[in-house]
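> I am attaching a structure below and will ask some questions about it afterwards.
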Amino acid sequence: MAELLAKALGFLGTEAKTGVKVDMAKRNAYNIATDAYSTQAEEMRIKIKAFKEMIEQKMERDGWNGYLLSFMFHPIPGATTTKMQIMGEALYRFYATFLTRVVRNPNSTFQLSQHPLFIAAPDYPVPKHRKQKISDVTINDGLHMHGLLVVPWECRLKEDVITHLQKHKVLYRKAPLRRIDIQPIEKRLGFVVDYVFKSVKKRRVAWDDVVLLPKSSWELSGRMSEMKQEMVKWIDLGLFPKVVRSGPGLCSDTPEETDRLLKIANQFRANFEMNCNRK
């Protein structure tokens with residue numbers, strides 16, 4: 001019995017005082033696994049906190065409207081990873097359709113800062129006080145997606161987002177989407193963000209299955225000209241809308257004129273960043 005106890009304590013990295021030597025390999029493996037888990041948990045906490053701050057900034061500083069969405073799906077065959085991939089693709093199509101209703105020209109560099117923010121994560125049902133639909137907990141083993149949608153107040157939409165999605169159900173509810181529920185985020189933003197990520201935090205789904213749109217500047221930069229990449233940097237710094245407005249005749253399309261403007265833009269941004277670092 002003493003030997004069995006010592007082995008158990010040795011696995012947990014505790015020195016047993018029974019005369020039996022602790023298995024150092026097991027103890028080291030346990031410590032490494034514990035450290036890795038703690039590091040991953042901390043990284044996840046930082047990412048979720050960053051998402052919350054990003055949404056908070058859009059809503060409080062820029063006056064954007066936030067919404068919580070739930071996406072339910074028709075039965076999707078295949079393994080869980082296949083289901084998640086198909087669900088993710090459906091959400092990309094949802095965002096692409098919605099984007100054209102919010103921004104007149106989604107491919108315009110000038111309108112990048114007006115693209116709605118969309119963050120979605122897979123989720124599984126949990127016991128609730130209110131009654132749930134049988135289909136929501138049985139189809140696809142209950143797997144569905146929750147999303148956070150933040151939309152600019154001034155945009156191409158002529159109606160509020162909830163009315164728009166309800167009015168155009170046929171446009172957005174394409175297979176495999178079965179139902180889209182939406183409600184405004186009016187308070188307790190931190191709670192709502194944690195709710196969306198609850199299955200990610202519990203390690204039931206992977207971080208790679210999270211959908212984040214629009215793409216970040218560095219993801220887009222590979223498909224942009226050098227001038228457009230510079231414009232994106234200005235937008236990220238909050239400079240671009242204050243310096244120039246989109247419109248016809250903004251600049252010549254000649255290579256010489258483009259190079260000249262690019263040099264001016266590079267120098268201006270470098271000076272701006274230098275002044276910010278000094279403060």
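The values are calculated or read from the model by the stated rules, or taken from the named source; none is laboratory data. In this text, all values refer to a predicted model and were calculated from it rather than measured experimentally. When we count neighbours, we look across all protein chains shown, and the Cβ atoms used for this are built from the backbone with ideal geometry, even at glycine.
> If I ask for residues that are part of a helix (DSSP H, G or I) and surrounded by 17 or more Cβ atoms within 10 Å (Cβ to Cβ), which ones from the range 60-85 would you list?
Selection gives LYS83, MET84.
> From the list ALA96, ALA90, exactly one residue is free of Cβ contacts under 8 Å to residues at least 24 places away in the same chain and either in a helix (DSSP H, G or I) or not assigned by TED's automatic domain parsing to the domain that holds HIS164 (or both). Which is it?
Within the list ALA96, ALA90, the selection yields ALA96.
> I'm trying to understand the selection: among the residues of the range 209-224, which are at pLDDT 90 or above and in a helix (DSSP H, G or I)?
Selection gives ASP209 alone.
> Anything in the range 42-56 that is loosely packed, with under 13 Cβ neighbours inside 10 Å and either aliphatic (A, V, I, L, M) or at pLDDT 90 or above (or both)? List them, or say none.
Listed by number, the residues that qualify are ILE46, LYS49, ALA50, GLU53.
> From (1) without any contact (Cβ under 8 Å) to a residue 40 or more places away in the chain; (2) surrounded by 12 or more Cβ atoms within 10 Å (Cβ to Cβ); (3) of a type outside the set (Val, Ile, Thr); (4) not in a loop (DSSP other than H, G, I, E, B), pick out the condition that doesn't hold for ASN140.
(1)
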